[in-house]
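The values are calculated or read from the model by the stated rules, or taken from the named source; none is laboratory data. As the structure is a computational prediction, the values presented were derived from the model and not from experiment. Glycine also receives a Cβ, built like all others from the backbone with ideal geometry; neighbour counts cover every protein chain displayed.
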Amino acid sequence: MGWIPGALCPPVPTFVESIQLPITPLFSEPSAGRKLMSDLQYINISWDGELAIVTIDRPEKLNALNGEVIAELGDAFDSLRHDDKVLGVILTGAGQKAFVAGADIGELAKMDALSGVQVSRVGQGVFRSIERFPKPVLAAVGGFALGGGCELALACHLRLAAENARFGLPEVGLGIMPGYGGTIRLARLIGLGRAVELTLTGEMMDADRAYAVGLVSGVVPREELLDQAKALLRKITKNGPVAVRMALECIYRAVDVPLSEALAAEASIFGLLASTEDMKEGMTAFLEKRKPDFKGR
Ligand code: COA
């Protein structure tokens with residue numbers, strides 16, 4: 001049944017109305033149940049200038065995502081979301097063998113129908129918050145990115161692979177299927193045919209094939225992965241921060257709305273950017289043949 005005029009139904013915000021401009025809270029307190037960053041057991045956050053490096057740190061289980069890892073990942077991105085210092089995030093896994101070898105099979109084995117839905121919805125929520133993170137998030141993938149690990153990389157805006165990276169969705173071999181957005185995001189990224197093949201065979205794809213099908217932006221030696229990830233992200237963070245943020249917003253919102261609405265929103269945001277100091281600085285710098293000094297305003 002459609003919406004009846006006059007009925008008690010909140011109006012659906014348009015694309016433009018739903019875009020949230022940067023809001024800097026005076027301070028950010030953990031919400032109920034959220035951990036302070038210093039209390040995280042499985043997630044490390046380090047910094048390189050304006051880049052935050054988020055490392056999933058459970059190498060003895062190939063960084064498999066148990067409930068706690070998923071919750072801490074959500075907490076980490078929640079806290080970074082409110083941090084004005086961050087211009088980009090690298091997400092990676094500890095150890096040499098894996099980015100993330102999937103959801104924790106020991107936990108999944110205990111699921112029933114109801115808790116299965118819950119497991120999927122919680123993971124989807126955290127991965128969606130990464131996909132809608134307002135600054136670029138790059139997955140630096142060394143070793144296995146399987147199941148939930150592959151889905152996590154798919155939820156990031158960019159992916160860079162080490163030569164030893166292996167991508168795959170082996171869930172069907174366990175009698176389940178991807179439940180953290182993998183049945184949707186893989187096809188959107190690499191096309192239906194290849195996504196169907198990867199999902200139904202459960203076989204792994206090596207780094208070169210991942211590059212060939214457009215799953216990753218590049219393949220680099222394992223020992224250079226982090227440095228090359230930083231270099232790739234810095235090609236983005238040297239640009240106007242508001243422009244980068246708004247471009248991300250337009251690209252990801254456009255996936256969910258009709259073309260006419262997406263185009264209208266693009267035009268409005270294009271106009272909005274024309275009012276920023278960053279636009280004046282970017283264009284003046286070009287005309288004066290110097291590098292721009294963006295302020296993010
Ligand atoms: N969940 C829980 N534990 C996992 C895991 C997962 N998804 N992936 C790896 N581990 C654990 C192993 O059980 C092992 O723990 P143990 O030492 O306590 O026995 C440890 O991590 C190392 O893994 P191991 O299998 O010994 O390494 P390997 O090099 O022989 O094989 C993989 C690596 C990735 C091929 C293999 O671990 C694997 O197939 N993992 C499951 C991948 C998967 O199906 N993911 C989707 C889940 S929905």
Being crowded, with 18+ Cβ neighbours inside 10 Å and either at pLDDT 95 or above or of a type in the set (Gly, Ala, Ser) (or both) narrows it down to one residue among Gly191, Gly202, Gly240; which is it?
Gly240
Restricting attention to region 238-272, which residues are in contact with an Asp or Glu (Cβ under 7 Å, 6 or more places away or on another chain) and within 21 Å of Arg188 (Cβ to Cβ)?
Cys250, Tyr252
For Glu29, state whether it is of a type in the set (Asp, Glu), exposed (fewer than 15 other Cβ atoms within 10 Å of the Cβ) and modelled with pLDDT under 70.
yes
Restricting to region 156-181, and then to whatever is within 15 Å of the chain's Cα centre (by Cα), within 17 Å of Val216 (Cα to Cα) and surrounded by fewer than 24 Cβ atoms within 10 Å (Cβ to Cβ), can you tell me which residue is nearest to the ligand (Cβ to nearest atom)?
Cys156
How many residues are under 19 Å from Arg188 (Cβ atoms) and not in a helix (DSSP H, G or I) when one looks only at region 124-141?
7
Identify, by number, the condition in (1) within 13 Å of the ligand (Cβ to nearest atom); (2) farther than 14 Å from Leu91 by Cβ that Glu151 doesn't meet.
(2)
Could you please tell me which pairs satisfy a Cβ distance under 7 Å, a separation of 6+ or placement on different chains, a first residue in region 140-164 that is in contact (Cβ under 8 Å) with a residue 60 or more places away in the chain and closer than 13 Å to Gly102 by Cα, and a second residue that is in a helix (DSSP H, G or I) and of a type in the set (Phe, Trp, Tyr)?
Leu152/Phe127
Which residue, of Leu80, Leu91, Leu73, is in the same structural domain as His157 (by TED's automatic domain parsing), under 14 Å from Ile53 (Cα atoms), within 16 Å of the ligand (Cβ to nearest atom) and within 14 Å of the chain's Cα centre (by Cα)?
Leu73
How about region 165-185: which of its residues are in contact (Cβ under 8 Å) with a residue 40 or more places away in the chain and not in a helix (DSSP H, G or I)?
Ala165, Arg166, Phe167, Ile176, Gly179, Tyr180, Gly181
Go over the candidates Ser217, Ser115, Ser129 one by one and state the one that is among the polar types (S, T, N, Q) and more than 30 Å from Gly240 (Cα to Cα).
Ser115
What's the total number of residues in region 50-91 that are under 17 Å from Thr237 (Cβ atoms) and touching a strand residue (DSSP E or B) at 6+ places or on another chain (Cβ under 9 Å)?
14
Within region 36-70, track down each residue that is within 16 Å of the ligand (Cβ to nearest atom) and assigned to a loop (DSSP other than H, G, I, E, B).
Tyr42, Asp57, Arg58, Leu62, Asn63, Ala64, Asn66
Contact list please: Cβ distance under 9 Å, first residue in region 84-112 and farther than 20 Å from Ala231 by Cα and assigned to a loop (DSSP other than H, G, I, E, B), second residue among the aromatic types (Phe, Trp, Tyr) and near the ligand (Cβ under 8 Å from one of its atoms), pairs at least six apart or on different chains.
Lys97/Phe144; Ala101/Phe144; Gly102/Phe144
Taking region 94-124 as the region of interest, how many residues are more than 16 Å from the ligand (Cβ to nearest atom) and closer than 28 Å to Asp206 by Cα?
0
Can you name the number of the only condition in (1) of a type in the set (Lys, Arg); (2) within 14 Å of the chain's Cα centre (by Cα); (3) assigned to a helix (DSSP H, G or I) that Arg121 fails?
(2)
